[in-house]
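In what follows, a single structure is set out as structure tokens and then discussed.
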Amino acid sequence: MGRLVGRIISVVALAVSTVFVLSSGTLCAQGESTAEAHANRAAEQVQAGNLETAEAELRSAVRLAPGENSYLAGLGTVLAMEKKFAESNAIFKKVLTVTPGDVTVRRYLAANLWQMHRYPEARENLEILLKQAPKDNQSRLLLGMVSENMKEYAKAAEMLASVPEQTEQQPESIVALARSYYHLNRTADARSALGKLSRFPAATNAVFLGAQIADEAGDYATAEQMLMSISPDAANHPVIGYRIALAQFHANQFDESRRTLLNLIEHNAGSREVYNLLGWCYHNQNESSKARQTFEQAIELFPTDEANYLDLLKILIAGRSFSAALRVAKQATLAFPNSAGAFELRGLAEEKVEQFTDAVNSYSQAWHLDRTRSVALLGVAQAQASAGMTKESAATFESGMKTFPQDLRFKVQYASVLLKQAETGDALAETRGENLLTSALAANPSLPAAHYELGNLAFRKGRTAEALLHLEEAEKLAPKSSEVHFALANAYRRLGRKDKSSEEMDLYQKLSGAPEAPATPEPASQSAK
Amino acid sequence: MLRLPTFLLVIFLVSVALSQSPSPVSPAKSIFTDVTQESGITWSQFSGESPDRFLIETMGGGVGFLDFDGDGRQDIFLVNGGETPKGKSPVPVRNALYRNLGNGKFQDVAAQADVDRINFYGMGVAIADYDNDGFPDLFITGYPECALFHNNGNGTFTDVTIHAGVKNSGKWAAGAAWFDYDRDGLLDLVVTNYTEFSFDDPKKCEIKGVRSYCAQVAYKGMPLTLYHNNGDGTFTDVSARSGFDKLIGRGLGVVTIDFNDDGWPDVFVARDASPNLLLINAKDGTFKDAALDAEVAYDASGNAKAGMGVDASDVNGDGVPDLVITNFNDQYHSLFFGSATFPYEEGTVASHLAQFSKADVGWGTKFLDYANDGNLDLIIANGHINQSIESTRGDVKYQQPPLLLHNDGKAVFRNVRQEAGSAFNSSYVARGLAIGDFDNDGDSDVVITRLNATPLLLRNNVGQDSGWIGFELQGTKSNRDAIGAKIVVTIGDRRIVRWIVGGSSYLSSSDKRVLVGLGHTPKSSTVDAEIRWPSGTLQNASNLEPNRYHKIVEGPSN
């Protein structure tokens, strides 16, 4: 983004200095002449790249001729070039109060605001500007960039495509256009835009950037193609090769990805990301022991990389190797005593091996380390319930609902605990549980667990038709949940729909034997995107 | 009005206050008394507990009531466990056969009877007269084989396993039940096999660094075995023909009873982390599993509970067999009300059984009318498997008290721990449980086994205070023990239904006599009984005298 704006500003700076030169000829008062001299020197300094000196000269010019807007505008411009955006903006706004029709200044102001990520204000100024000067191509370009940042892809594509000459001058604007096209499902147009990246002098970086965009958009074939086009040895390059492997991984071409990664390792380019991705390749190909070995190797080679520990834990838990997961979790928390993520996963592993009191401690530590992790607090509450710490669990759930009111998992899981408690005869717990579920669904009707619990409750009370409504909804939302299919089988059977019941029971049996799905089966490097 | 002197008034007021205050917690006599010590029972179970933590070490504990010598008194047979590679016994591991001497005393005559030694790790016992000679025989389950001991009628037994063809080789057998599945008058045998197992494969599991027993899901399940009694002292393995060999899971407790009242015995198998089985007799040598239709296979979430012990009888007074199954902590022991149509109604919560069993791991269980009020109460033996459970949570203990639950007549239970006796206020690692009237006073007594400890013999003190009637049935066309018989007792306008079941509880075998509590009925009431024999014969007996046992021999239908 910076380079694009810099280019805009430098073009205009040239124009500004020209303005200074032109305007100087019209001034005749002695003070103004002195101001003019400062302005002229400022222009020279801008051209020489001495922005600090240019700033000082322009300040002098403004002081001597405070009514001269061009000097003020010049100062604002130089400040923008120095990235002193706040003061630059203030000056531009001052100019615009006097000459609101000053397209150039308004454009600069918009550019500043864009660089400051104040997109709505940038857009507002650009829209005013384009009403005054609809054919201002620089502004159309800038509005395209701003719109893309605001995820207004249709507008972004319209603007950027309308000024092809300007758009094609920078890789960043081409990429913005391509990204917009991808979001509009105009894949062919996106690819066409990305194809222009190879024309740049520093093509490698541009193409690399484009490949990243294609990968992010799910156009893995294009991503891979672009990366391979960088050079004949692209696959051996540590960074490019990794990106190729990542694109292949995203395209579910795990064999190819694995080959690329093993090639990198053979060429001594085995970074921690490479090993991490290789581990995930093996995992996705159900080669669990190789996956495990790879992550263990990664841990050995890069012992300070927390991601490999955490990913190893995730695949061990997904593969139901809970004891092994617990061993690794203990190592992880020793190695990274301030990692909330490590303690959270340790808590999960301890829950899986039913060491509930330990799980309470681990989740509590995760929560203590990072009070933004709602999953950690949820883990504390659930582990307390499992450990028979009923009062403590209730208190934690209540606290969780207050602290994270948007996180409906607290309501749903607390309800589940209460409904279980209700089976021991606690009628109030049942009422509370049911109310929590209803409230959760009012906030978000797409909660499969809430539908499932309400469905089960209705079923237990003999309200089979009502149960079916909830369970069918749960199935739509969570088609791979074995317990939902089981509950549906029972409901259909009660209603005399034996064929549907058998169908659901078959699904239940197929799914209940499957390994647990990990919460985030993505390579750790992916989550940083 | 006469004015009492003040001090008399005070005394009067105090006595009124005392009479209105809640009665003391402990009643005049407890429901059960632990009479183990005075009975002379000193035998102790040996589990072979070892550092290897083989799962079998924590699973044994069978016990049975039987009158082996025909003297009219219930004796007790106790199955021992066995040695493991690193769990050796300083003395030979022996079973016990305690002969009831009649005065509350018992004497171990297992050696004289030749039933003290087996060549395998012992689990449970199923007792019945398989050859209809009038003397109960013993089928002992275990790993890696089983044994059948024929009662010679003279105080001794003979191991006829090989001749009979019931060795069940290579399998870890747990529960067993005698029943006449084809109604030919001869008792057949169903055996539940638990898991694939070998002492050469000690699976390593830990809890917080301490070696522990692995969860049952670490072991693959096994099929059931079904033996058909050929009537000549031999059996034929009909597991394949019957389809039992395809029912693979971790089978434990088993009970046979006519669930659908068609006159043919059915089978319920409680399985451990495998779906339970409700095998309805198809009357052609095969069975159909209706557990899914009855909704007794899994819990509400589709999980197979850890079913260990089981019993079946009519707990809600509707004349249809109900089921109780003991499970693991947090699962609650299950109660299902049987019905003529599926599904069965889940009664675990409504009966309050859930409330009382959340932290329990249950094993042996029986319905029994301890108070002889005509309603079936419930007794459960509890105890965890891992000593280290208490380090992972605060609410579940390794040693747990047994449960005695009183039925209000509508299948709602009340925990009567306070009145039950010291045994119910102490904690154990209990396993097997059998009921029998060892003192012939008309109420059900109980024996409970414990791992690596003596059993508990609990004498019932209260049942005899109410009216009762006992039935000792002898089949002629039916199997002699009348296993499978249904008895409908009518007294006044009250109708009570009971069965002679095969199997039941956990690894254990109970007194075959049927006790029916009559409550406090007027002396003028008459007791009538209708017996449906396993053969299908219907026989009526009228004007039966209460408060005694009646021996009824199968005759023609009337």
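The values are calculated or read from the model by the stated rules, or taken from the named source; none is laboratory data. The shown structure was predicted, so the numbers you read here are calculated from the model rather than taken from an experiment. Reconstructed Cβ throughout: ideal geometry from the backbone, glycine too, with neighbour counts over all protein chains shown. Protein only, heavy atoms only, side chains kept; ligands, DNA and RNA dropped before computing areas. Shrake-Rupley method; radii C 1.70, N 1.55, O 1.52, S 1.80 Å.
Among the residues of segment A:366-404, count how many are closer than 13 Å to A:G341 by Cβ and open to solvent by 20 Å² or more (accessible area, probe 1.4 Å).
As a first pass, look at segment A:366-404 and keep what is closer than 13 Å to A:G341 by Cβ: A:366-367, A:369-370, A:372-373, A:375-376, A:379.
Narrowing the set further to residues that are open to solvent by 20 Å² or more (accessible area, probe 1.4 Å) leaves A:367, A:369-370, A:372-373, A:375.
Number satisfying all stated conditions: 6.
Read through the list (1) assigned to a loop (DSSP other than H, G, I, E, B); (2) open to solvent by less than 30 Å² (accessible area, probe 1.4 Å), then give the number of the only condition that B:P556 fails.
Condition (2) is where B:P556 drops out.
Could you check, for segment B:281-290, whether at least one of its residues is within 14 Å of another protein chain (Cβ to nearest Cβ) and either of a type in the set (A, V, I, L, M) or touching a Phe, Trp or Tyr at 6+ places or on another chain (Cβ under 7 Å) (or both)?
Yes, segment B:281-290 contains at least one residue that is within 14 Å of another protein chain (Cβ to nearest Cβ) and either of a type in the set (A, V, I, L, M) or touching a Phe, Trp or Tyr at 6+ places or on another chain (Cβ under 7 Å) (or both).
Quick check on segment B:373-382. Is at least one of its residues over 15 Å from the mean Cα position of the chain (by Cα) and crowded, with 24+ Cβ neighbours inside 10 Å?
The answer is no, given that none of the residues of segment B:373-382 is over 15 Å from the mean Cα position of the chain (by Cα) and crowded, with 24+ Cβ neighbours inside 10 Å.
Tally time: how many residues in segment A:46-85 are in a helix (DSSP H, G or I), of a type in the set (G, A, S) and over 25 Å from A:Q132 (Cβ atoms)? Even if it seems obvious, please write down each step before you answer.
First, the residues of segment A:46-85 that are in a helix (DSSP H, G or I): A:46-48, A:51-64, A:69-81, A:85.
When the remaining residues are screened for being of a type in the set (G, A, S), the result is A:48, A:54, A:56, A:60-61, A:70, A:73-74, A:76, A:80.
Adding the requirement that they be over 25 Å from A:Q132 (Cβ atoms) leaves A:48, A:54, A:56, A:60-61.
Selection size over segment A:46-85: 5.
Of everything in segment B:466-501, what is in a loop (DSSP other than H, G, I, E, B), within 21 Å of the chain's Cα centre (by Cα) and farther than 16 Å from B:H550 by Cα? Give them in sequence order. Walk me through it before giving the result.
Residues of segment B:466-501 in a loop (DSSP other than H, G, I, E, B): B:466, B:475-485, B:492-493, B:500-501.
With the extra rule that they be within 21 Å of the chain's Cα centre (by Cα), the set shrinks to B:479-485, B:500-501.
B:N479, B:I483, B:G484, B:V501 - these are the residues of segment B:466-501 that are in a loop (DSSP other than H, G, I, E, B), within 21 Å of the chain's Cα centre (by Cα) and farther than 16 Å from B:H550 by Cα.
With respect to the numbered conditions (1) in contact (Cβ under 8 Å) with a residue 40 or more places away in the chain; (2) out of contact with any Gly (no Cβ under 7 Å at 6 or more places or on another chain); (3) not charged (D, E, K, R), which one is the sole condition not fulfilled by B:G170?
Of the numbered conditions (1) in contact (Cβ under 8 Å) with a residue 40 or more places away in the chain; (2) out of contact with any Gly (no Cβ under 7 Å at 6 or more places or on another chain); (3) not charged (D, E, K, R), the odd one out for B:G170 is (1).
Only one of these is open to solvent by less than 10 Å² (accessible area, probe 1.4 Å), farther than 19 Å from B:G64 by Cβ and either in contact with a Pro (Cβ under 7 Å, 6 or more places away or on another chain) or modelled with pLDDT under 95 (or both): B:I496, B:I469, B:I487. Name it.
On the way: B:I496 fails: either in contact with a Pro (Cβ under 7 Å, 6 or more places away or on another chain) or modelled with pLDDT under 95 (or both); B:I487 fails: either in contact with a Pro (Cβ under 7 Å, 6 or more places away or on another chain) or modelled with pLDDT under 95 (or both).
One residue alone meets the criteria, B:I469.
Determine whether segment B:247-259 contains at least one residue that is within 14 Å of another protein chain (Cβ to nearest Cβ), touching a strand residue (DSSP E or B) at 6+ places or on another chain (Cβ under 6 Å) and surrounded by 24 or more Cβ atoms within 10 Å (Cβ to Cβ). First the steps, then the outcome.
Our first condition is that a residue be within 14 Å of another protein chain (Cβ to nearest Cβ); within segment B:247-259, this holds for B:248-249.
Imposing the further condition that a residue be touching a strand residue (DSSP E or B) at 6+ places or on another chain (Cβ under 6 Å) reduces the set to B:248-249.
With the extra rule that they be surrounded by 24 or more Cβ atoms within 10 Å (Cβ to Cβ), the set shrinks to B:249.
Checked against the condition, which is being within 14 Å of another protein chain (Cβ to nearest Cβ), touching a strand residue (DSSP E or B) at 6+ places or on another chain (Cβ under 6 Å) and surrounded by 24 or more Cβ atoms within 10 Å (Cβ to Cβ), segment B:247-259 yields at least one hit.
Tell me, please, whether a residue that is among the acidic types (D, E), under 17 Å from B:G82 (Cα atoms) and at pLDDT 95 or above can be found in segment B:165-181. Spell out how you get there, then give the answer.
Of segment B:165-181, the ones among the acidic types (D, E) are B:180.
The next check asks that each one be under 17 Å from B:G82 (Cα atoms); those that pass are none.
No, segment B:165-181 contains no residue that is among the acidic types (D, E), under 17 Å from B:G82 (Cα atoms) and at pLDDT 95 or above.
Working carefully through the options B:P223, B:P202, find the one that is within 29 Å of B:N386 (Cα to Cα) and at pLDDT below 95.
Details: B:P223 fails: at pLDDT below 95.
Matching residue, one of B:P223, B:P202: B:P202.
Can you name every residue in segment A:349-360 that is hydrophobic (A, V, I, L, M, F, W, C) and either more than 20 Å from A:I315 (Cβ to Cβ) or surrounded by 24 or more Cβ atoms within 10 Å (Cβ to Cβ) (or both)? Give the steps one after another, and end with the answer.
Within segment A:349-360, the first condition is being hydrophobic (A, V, I, L, M, F, W, C), and the residues that meet it are A:349, A:353, A:356, A:359-360.
Answer for segment A:349-360, where residues must be hydrophobic (A, V, I, L, M, F, W, C) and either more than 20 Å from A:I315 (Cβ to Cβ) or surrounded by 24 or more Cβ atoms within 10 Å (Cβ to Cβ) (or both): A:A349, A:F356, A:A359, A:V360.
Could you give me the residue pairs with C-beta distances under 9 Å whose first residue belongs to segment A:357-379 and is within 14 Å of another protein chain (Cβ to nearest Cβ), whose second residue is of a type in the set (S, T, Y) and open to solvent by 40 Å² or more (accessible area, probe 1.4 Å) wherever it lies, and which are 6+ apart or on separate chains?
That search, which allows pairs on different chains as well, returns A:T357/B:S391; A:D358/B:S391.
If I filter segment B:260-274 down to residues being under 15 Å from B:A291 (Cα atoms) and part of a loop (DSSP other than H, G, I, E, B), which single residue comes out as least open to solvent (accessible area, probe 1.4 Å)? Don't jump to the end; show me each part of the working.
Filtering segment B:260-274 for residues under 15 Å from B:A291 (Cα atoms) gives B:260, B:266-274.
From what is left, the residues that are part of a loop (DSSP other than H, G, I, E, B) are B:260, B:273-274.
Values: B:N260: 69, B:A273: 26, B:S274: 10 Å².
Among those that are under 15 Å from B:A291 (Cα atoms) and part of a loop (DSSP other than H, G, I, E, B), it is B:S274.
Taking only segment A:336-356 into account, find how many residues are under 24 Å from the mean Cα position of the chain (by Cα) and either within 14 Å of chain B (Cβ to nearest Cβ) or assigned to a helix (DSSP H, G or I) (or both).
The total comes to 6.
Taking A:R409 and the conditions (1) of a type in the set (D, E, K, R); (2) within 12 Å of chain B (Cβ to nearest Cβ); (3) farther than 14 Å from A:L457 by Cα, which numbered condition does it fall short on, given that it satisfies the others?
If we test A:R409 against (1) of a type in the set (D, E, K, R); (2) within 12 Å of chain B (Cβ to nearest Cβ); (3) farther than 14 Å from A:L457 by Cα, just (2) comes out false.
Can you tell me which condition B:G319 does not meet? The list is (1) away from chain A (no Cβ under 14 Å); (2) of a type outside the set (A, V, I, L, M); (3) over 21 Å from the mean Cα position of the chain (by Cα); (4) on the phi > 0 side of the Ramachandran plot, and all the others hold.
Failing condition for B:G319: (3).
From the list A:A193, A:A217, which residue is aliphatic (A, V, I, L, M), free of Cβ contacts under 8 Å to residues at least 60 places away in the same chain and open to solvent by 40 Å² or more (accessible area, probe 1.4 Å)? Explain how you work it out, then say what you get.
On the way: A:A193 fails: open to solvent by 40 Å² or more (accessible area, probe 1.4 Å).
Going through A:A193, A:A217 in turn, just one is aliphatic (A, V, I, L, M), free of Cβ contacts under 8 Å to residues at least 60 places away in the same chain and open to solvent by 40 Å² or more (accessible area, probe 1.4 Å): A:A217.
Mind checking which residues of segment B:406-451 are part of a strand (DSSP E or B), closer than 22 Å to B:G64 by Cα and open to solvent by less than 10 Å² (accessible area, probe 1.4 Å)?
Taking segment B:406-451 as the starting set, the residues that turn out to be part of a strand (DSSP E or B) are B:406-407, B:413-415, B:428, B:430-436, B:445-450.
From what is left, the residues that are closer than 22 Å to B:G64 by Cα are B:428, B:430-436, B:445-450.
Once the filter is applied, which keeps residues that are part of a strand (DSSP E or B), closer than 22 Å to B:G64 by Cα and open to solvent by less than 10 Å² (accessible area, probe 1.4 Å), segment B:406-451 yields B:A430, B:R431, B:G432, B:L433, B:A434, B:G436, B:D445, B:V446, B:V447, B:I448, B:T449.
Which members of segment A:93-113 meet the condition of being hydrophobic (A, V, I, L, M, F, W, C), closer than 14 Å to A:M145 by Cβ and surrounded by 24 or more Cβ atoms within 10 Å (Cβ to Cβ)? If you could, list the steps in order and put the result at the bottom.
Taking segment A:93-113 and keeping what is hydrophobic (A, V, I, L, M, F, W, C), we get A:95-96, A:98, A:103, A:105, A:109-111, A:113.
When the remaining residues are screened for being closer than 14 Å to A:M145 by Cβ, the result is A:110-111, A:113.
A:A110, A:A111, listed by residue number.
Which one is nearest to the other protein chains (Cβ to nearest Cβ), of the residues in segment B:355-409 that are touching a residue at least 60 places away in the same chain (Cβ under 8 Å) and aromatic (F, W, Y)?
Among those residues, the one meeting the criterion is B:W363.
Working carefully through the options A:Q132, A:Q169, find the one that is more than 30 Å from A:Q248 (Cβ to Cβ) and in contact (Cβ under 8 Å) with a residue 40 or more places away in the chain.
Details: A:Q132 fails: in contact (Cβ under 8 Å) with a residue 40 or more places away in the chain.
Matching residue, one of A:Q132, A:Q169: A:Q169.
Looking only at segment B:211-246, how many residues end up being of a type in the set (A, V, I, L, M, F, W, C), open to solvent by 30 Å² or more (accessible area, probe 1.4 Å) and within 14 Å of another protein chain (Cβ to nearest Cβ)?
Residues flagged as of a type in the set (A, V, I, L, M, F, W, C), open to solvent by 30 Å² or more (accessible area, probe 1.4 Å) and within 14 Å of another protein chain (Cβ to nearest Cβ) within segment B:211-246 amount to 3.
Please go through segment B:335-369 and pick out each residue that is over 12 Å from B:I325 (Cα atoms) and touching a helix residue (DSSP H, G or I) at 6+ places or on another chain (Cβ under 6 Å).
Correct list: B:F342, B:P343, B:Y344.
Being under 17 Å from A:A203 (Cα atoms), open to solvent by less than 10 Å² (accessible area, probe 1.4 Å) and among the polar types (S, T, N, Q) is the filter here, so list the residues in segment A:154-190 that pass it.
Correct list: A:T167, A:S173.
Among all residue pairs at least 6 apart or on different chains, which show Cβ distances below 8 Å where the first residue, located in segment B:189-210, is within 14 Å of another protein chain (Cβ to nearest Cβ) and the second is among the β-branched types (V, I, T) and in a loop (DSSP other than H, G, I, E, B)?
Final answer for the pair search is B:I207/A:V353; B:I207/B:T392; B:K208/B:T392.
Open to solvent by less than 20 Å² (accessible area, probe 1.4 Å) and within 22 Å of B:A218 (Cα to Cα): which single residue out of A:A325, A:A269, A:A291 fits that description?
Details: A:A269 fails: within 22 Å of B:A218 (Cα to Cα); A:A291 fails: within 22 Å of B:A218 (Cα to Cα).
So the residue among A:A325, A:A269, A:A291 that is open to solvent by less than 20 Å² (accessible area, probe 1.4 Å) and within 22 Å of B:A218 (Cα to Cα) is A:A325.
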